[in-house]
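Down below is the structure, laid out as structure tokens.
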Amino acid sequence: LAKTTQPISMDSYEGQEVNITCSHNNIATNDYITWYQQFPSQGPRFIIQGYKTKVTNEVASLFIPADRKSSTLSLPRVSLSDTAVYYCLVGDMGTSYDKVIFGPGTSLSVIP
Amino acid sequence: EPEVTQTPSHQVTQMGQEVILRCVPISNHLYFYWYRQILGQKVEFLVSFYNNEISEKSEIFDDQFSVERPDGSNFTLKIRSTKLEDSAMYFCASSAGRGALQPQHFGDGTRLSIL
């Protein structure tokens, strides 16, 4: 699995857009980029996944540049309930991908 | 939306005792996992299970740990003789398949406290 680097923590005020960037310089051709969210005292939750360009769902958008060496999770107009740890993961779609390897993630604190 | 459920939400056990943590994965999923998270640390993989056998395990998953799918719905993690350092949140997860395109769905965990 490709190694990822993301900020340890971020603060944001309510109503702002938050962008969390993840670096994955050694991403492989078959690798997908997946983001999980973990609220305090809860299990991680899958929020979005992409391979290239842009993916959007009801929770977030994921921007992936052409070289795929980084990706940016964008949370529009955050609220206090978006306070969580956000994990960036890179892995391939092959059958060898079994476990999820979590890094420390980015701890997002939303401030009123 | 279907979800993974775990019981109990909190388990307090004396050191040296056996503990069984229970999970009900999403019904049509085929792959099952246990992770743990020590307070303030990252989520760590313990074991994956498919077709009634362990498919992968980490160094943490030593002889004190075992997993079982005793029936068509439950998936359990047993710790034979608990140690103080086993205190952690234990998360069960399941997925429909393997690979990055089959995201894992996590339960909300069991908080295990060893006294």
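Before moving on, here are some points about what is shown:
- Computed from the C-beta positions of B:Ser27 and A:Thr72 and an R0 of 30 Å, the FRET efficiency is 0.30 to the nearest 0.05.
- For the protein assembly as shown, share of DSSP beta bridges that run antiparallel, in % to the nearest 5: 90 percent
- Heavy-atom accessible area, 1.4 Å probe, ligands and nucleic acids excluded: residues of region B:91-111 down by at least 40 Å² from chain alone: B:Arg98, B:Gly99, B:Ala100, B:Leu101, B:Pro103, B:Gln104, B:Phe106, B:Asp108
- Square roots of five times the Cα gyration tensor eigenvalues for chain B, Å: 22, 14, 14
- Where labels lie 7 Å past Cα in the beta-carbon direction, separation of B:Ser9 and A:Ser109 in nm: 2.6 nm
- Residue-normalised accessible area of the protein assembly as shown, given per residue in Å² at a 1.4 Å probe: 50 Å²
- Protein accessible area in region A:1-92, 1.4 Å probe - carbon and sulfur %: 49 percent
- Cα-Cα pairs of chain A separated by more than 17 Å (percent): 51 percent
- Positions from region A:34-66 whose accessible area shrinks by 10 Å² or more when the full protein complex is built, not the chain alone, probe 1.4 Å: A:Tyr36, A:Gln38, A:Ser41, A:Gln42, A:Gly43, A:Pro44, A:Phe46, A:Gln49
The values are calculated or read from the model by the stated rules, or taken from the named source; none is laboratory data. Please read these numbers as outputs of a predicted model, since none were measured by experiment. FYI the Cβ positions are ideal-geometry reconstructions off the backbone, even for glycines, and counts take in every protein chain you see. For accessibility, only protein heavy atoms count, side chains too; no ligands or nucleic acids. Shrake-Rupley method; radii C 1.70, N 1.55, O 1.52, S 1.80 Å.
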